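This report refers to the structure that appears directly beneath it.
A short reminder: the numbers here are calculations on the coordinates, not readings from a lab. As the structure is a prediction and not an experimental result, all values here were calculated from the model. Here the Cβ is made from the backbone with ideal geometry for all residues, glycine too, and neighbour counts use every protein chain on show.
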Amino acid sequence: MFLRDQTKPVRVGPLTIGGSQHVTMQSMTMTKTADVKATVAEIHRLEEAGADLVRVTVNSREAADAIKAIKKEIHIPLVADIHFDHRLALLAIENGVDKVRINPGNIGKRERVEEVVKACKARGVPIRIGVNAGSLERHILERYGYPTAQGMLESALHHIEILESLDFTDIIVSMKASDVNLAIDAYKLAASTFSYPLHLGITESGTLFSGTIKSAAGLGTLLAAGLGNTIRVSLSADPVEEIKVARELLKTFGIISNAVTLVSCPTCGRIDIDLISIANEIEEYVQNIKAPIKVSVLGCAVNGPGEAREADIGIAGARGEGLLFRYGEVVRKVPEHELVSELKREIDTLARRFAET
Ligand code: SF4
């Protein structure tokens, strides 16, 4: 099995996907790509949320034309999502896109594939082959009767062979399915067959609630097995939520280290403060802080102090107030209405210190 650090490194603009333990996070815009202003605004929100790269649909000549203007306004690599029309791929590449998602077996005559590959080679643009259980080639579906991991692997190999026959190997592969078990099997099969980096995703996974759980189950299983070089959490929600979920997932597995980890208690009858509001407010606050800080927010003085001492900074509630801990030591008592602001101030101080080191 090719684990994530054993995959081929593939350049995507200034990023490298594959060949290390690093896993990038990506999302896809919901705007009409031809609407440059709206698309750039959405990409800026994704950048702010921590996205490493972003994909836009290129489904028309206007969308392909817009790539040039979008590229000038953004700071992360841009991926063009193309289905079938190789002319749109050529235009997107000419306009400066950093990566193309296209299945070479789906764009018709070999000359078309040759044209796209030639353009990609000339500009150092990699190709992501996107195998999807819901759109497998007819002959594969007929052979197996329904989407299977083996069928998905055959589809991937078919597209890979086309590119390799043109001496093109800057390839990233996804094996998406909305069925979590199928996706896990397909990705594992892919990782045991070829060394191209894997773009992980559970496609059409659902809403913010159910999709987060499905994605965490599927992507978490693969990440824990050491697979996956870039992830996209697909949610029927604001794409910024996809990045938030992706980052939480990577933090959970220790793949991202420069982020704040929040520990909060589940609450019980011993609770002495409004812990749920405090935890939610602090969680929102630390979203974009890039520092390896562990924050603990606990509801009472029974188990609270012990847990809070394990964190860099923490509070343990008491009646109408809280004990503030820093590196295991009680710093002071803080009235409940000042707990959030004090905790934020302490987090900022630690983040500043981290930035200075
Ligand atoms: Fe209950 Fe206190 Fe534990 Fe929170 S820390 S779950 S309030 S005992």
Amide H contacts under 5 Å for T207, placed H, 5+ residues apart: S236
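Go ahead and run the numbers for FRET between E48 and E94, Cβ-Cβ distance against an R0 of 35 Å, rounding to 0.05.
Working: r = 29 Å, r/R0 = 0.83.
It comes to 0.75.
So, with +1 on the Cβ of K and R and -1 on the Cβ of D and E, and no other charges, what is the size of the charge dipole of the stretch 1-128 about its Cα centre, to the nearest 20 debye?
Details: 21 positive and 16 negative charges, 80 e Å.
Its charge dipole is roughly 380 debye.
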Residues D65, D81, sorted so that the one with the fewest Cβ neighbours within 10 Å comes first: D65, D81
Likely footprinting exposure, Y196, Y146, Y285, fewest C-beta neighbours within 10 Å first: Y146, Y285, Y196
Derived scalar couplings ³J(HN,Hα) [the stretch 265-281; Karplus, 6.51 cos²θ - 1.76 cosθ + 1.60; whole Hz; x for Gly, Pro]: 7, x, 6, 7, x, 7, 4, 10, 9, 7, 5, 5, 5, 4, 4, 5, 5
Rounded tilt (10° steps) of 208-224 against the dominant C-alpha axis of the chain: 80
Per-pair calculated FRET efficiency, R0 = 35 Å: T349 and S165 via Cβ, rounded to 0.05: 0.05
Euclidean distance of C-alpha centroids, the stretch 161-196 and the stretch 251-310, integer Å: 38
Relative contact order (percent, whole number), the stretch 4-252, Cα cutoff 8 Å, 6+ residue spacing: 20
Ranked list, fewest to most other Cβ atoms within 10 Å of each Cβ, for V100, V56, V40: V40, V100, V56
Extended-chain gain in nm, criterion 0.36 nm per residue less alpha-carbon gap, Y144 and K109: 10.0 nm
Check: the stretch 4-252 dipole with +1 on Lys, Arg Cβ and -1 on Asp, Glu Cβ, in debye: 240
Tilt relative to the chain, helix 239-252 - C-alpha long axis, 0 to 90 degrees, to 10: 70
R0 of 41 Å, Cβ-Cβ distance E62-N288: FRET efficiency to nearest 0.05: 0.80
Between 0 and 90°, nearest 10: helix 61-73 axis offset from the chain longest Cα axis: 40
Amide H contacts of A318 (H built 1.01 Å from N, under 5 Å, at least 5 apart or other chain): L323
Amide hydrogen neighbours beyond the local backbone of F84, cut-off 5 Å, H modeled: N103
Rough spin-label spacing in nm, given labels placed 7 Å along Cα→Cβ, for T357 and A38: 4.5
